[in-house]
Structure formats: structure tokens, C-alpha cells
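The numbers here are math on the coordinates, done by the rules we state, and not lab data. Here the structure is a predicted model, which is why all the values come from computation and not from measurement. Positions of Cβ are generated from backbone atoms using ideal geometry, with glycine treated the same way; all protein chains shown enter the neighbour counts.
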Amino acid sequence: MYWLKIALFSIIDREKEDSNNYIIARYILENYNRLSGVSLTDIAQQCNLSKAAVSRFCKELGLLDYVDLQMLIRTSGKYEEKAKSNYTVEQQKEEFINQTSLTFNNFKSALDDPNIEQLLKDIKKYDSIYTFGHLQASHVAYILSNNLAISNKFCFCTQSWLDQKEKLEKASSKDLFIIFSSSGDYFKRMDVNMSFLDKENRPKIYMISSDRNDKQNDKITTINLGSYINNLQSNIAMDMFVNYIDYRYRNL
């Protein structure tokens, strides 16, 4: 769950050192490998903050509650231990190359989707662009935002699910949203009031997904990158997509 550490570093980058979120994020990063099973009360005490402050922090990360955070920390620890103990360096190299090769073959056919060409035209057309992702997909949204900024196309990107929800629900036809969600269940997780799509001046929304069974609202344009058997393949496909969009945009 590397995305969690990325989210925590992002909080440290943008928050003031005396803010509650900065204090909690720093404490978690500095004690990450020792936090499995640690109670909400213990973390609150170590940070000299209230339990409510820690709970709010979890919700701002896009999690349901502190239990959700604990599950991620435990899963992360088990995954990292398994990866370290089961593979030699040479096996890791071979596995990564094999997974990348499989992903590339699948991804190549996904580029024939005509919606990708329309997305590129819309990126050029719109002045108000948002790149969003929930939890682990948020880092991909940041990469696209940063890449496009180099080409003088500026996008608003945030990891705060509250900010994302507010921007979506207040959006108009002047706004373009590019949303990354491997599972395609972004709107279910974010608990967004979907009535904003019923407005006449509704925004244009693209959902970038890697779930072929994903069924979105017909007012959302889905770009499916193919079906992948694990997180590594899905992450590689998402990274390839944002780099492809950046490459194509610079050559429009």
C-alpha cells in the first residue's frame, strides 16, 4: 500500500508543521512499522491530540475510520514481508519484466478506444480541468497534473476526498474531470451526490478504469485500460496511460 505513504508525504508537504494533520502524518510515517494493532487512543496520546482529531484525519485521507487505517497498515506489512521473503533479486527482476510485458500487450489494444482521442481534444479545449483519484489512484492523478503543467496546461489536483466531492458537486459545463479508479467504483467510495449529473450545465467526466465489468452512469465517459490480474499490472497500465496522454498532448 505504497499509496498511503505517498498520501502522508503529501500532507507533510502542504500542511503547516503545527497543524493536526501534519503531526499525525509525521508520527505515522516515523513509526509505520510499529503501528500494527496500535489503538486510536494510543496514537492520539502520542500526538498529544484528541481521538476526534485522529478520526477526522482518517476521513480526510478518504478512509471510513481509524479501523480502516489499521487494516491498511496491517496489509501493507504482510505484503512487504511476503515480497521480501519469497523472491530473490533475480526472481523479482524476471517477475517485473514478465508482468510489464503482459500489461503492455493488453494496454496496446486499449489505445484503440476513440474516447482517448476525444479526451485529448477536451484537454486542449477546456481551461478548467481536474484530475482526481481515490486513495491509491490519487498518485496517478498527480502525475498527469504535473506532466500537463510542463506543457502549460494546468489542472487542479488534490488528495482530499472532501475537496474532490465539493468540486464535483459544484461543477458546471465549464469543467472537465479526469478520474482514475482501477475498480471503477470511485463514486461509490466517495459517496458523491450524483444529482449534479442531472443538471443541464453538467461537467464533462472521464473515468479511467481497468475493470471491464465497470458500469458507469451513461453521462460519464469510461476509458477502460483492460483487465489485469493484480495491482502491479493495473498500476503499470495507469502509469503508461498518463505518460501516453502527456506524450500525445505535447504533439497535438
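Of note:
- The range 1-58-the range 165-209 distance, computed between alpha-carbon centres (Å): 29 Å
- Length gained on full extension, GLU17 to GLU169: 51.6 nm, using 0.36 nm per residue less the C-alpha separation.
- Out of every Cα-Cα pair that the range 101-238 contains, those further apart than 27 angstrom amount to 15 percent.
- Stretchable slack from ASP113 to ASP191, in nm (0.36 nm times residue separation minus alpha-carbon distance): 25.2 nm
- Two-site label geometry, GLU95 and LYS59: point separation in nm, points 7 Å out along Cα→Cβ: 3.9 nm
- For the range 2-85, the tally of Lys pairs with Cα-Cα distances below 21 Å comes to 8, considering only residues 8 or more apart or on different chains.
- Cut-off 12 Å, label 7 Å out along Cα→Cβ of ARG74, residues of the range 6-41 by amide N: 36-39
- If only the Cβ of Lys and Arg carry +1 and only the Cβ of Asp and Glu carry -1, the dipole of the range 2-85 around its Cα centre is close to 220 debye.
- Along the chain, the exposed loop sites are trypsin sites (Lys or Arg not before Pro) outside DSSP states H, G, I, E and B with at most 16 other Cβ atoms within 10 Å, and the longest stretch free of them is 17-169.
- Net charge, LEU40 excluded, C-beta distance under 11 Å - Lys, Arg +1, Asp, Glu -1: -1
- For the chain, with +1 on Lys and Arg beta carbons and -1 on Asp and Glu, the positive-most of SER151, ASN243, CYS47 along the dipole: SER151
- Projecting the alpha carbon convex hull of the chain along each direction and taking the average yields 14.8 nm².
- Site pair LEU252 and ASN152 shows an inter-label distance of 1.4 nm when each label is modelled 7 Å from Cα along Cα→Cβ.
- Here the contact order of the range 95-252, divided by its residue count and restricted to Cα pairs under 8 Å and six or more residues apart, works out to 27 percent.
- Rounded, prolate or oblate (a/c below 1.5 giving rounded, otherwise prolate when a/b exceeds b/c) for the range 2-85 by Cα gyration tensor: prolate
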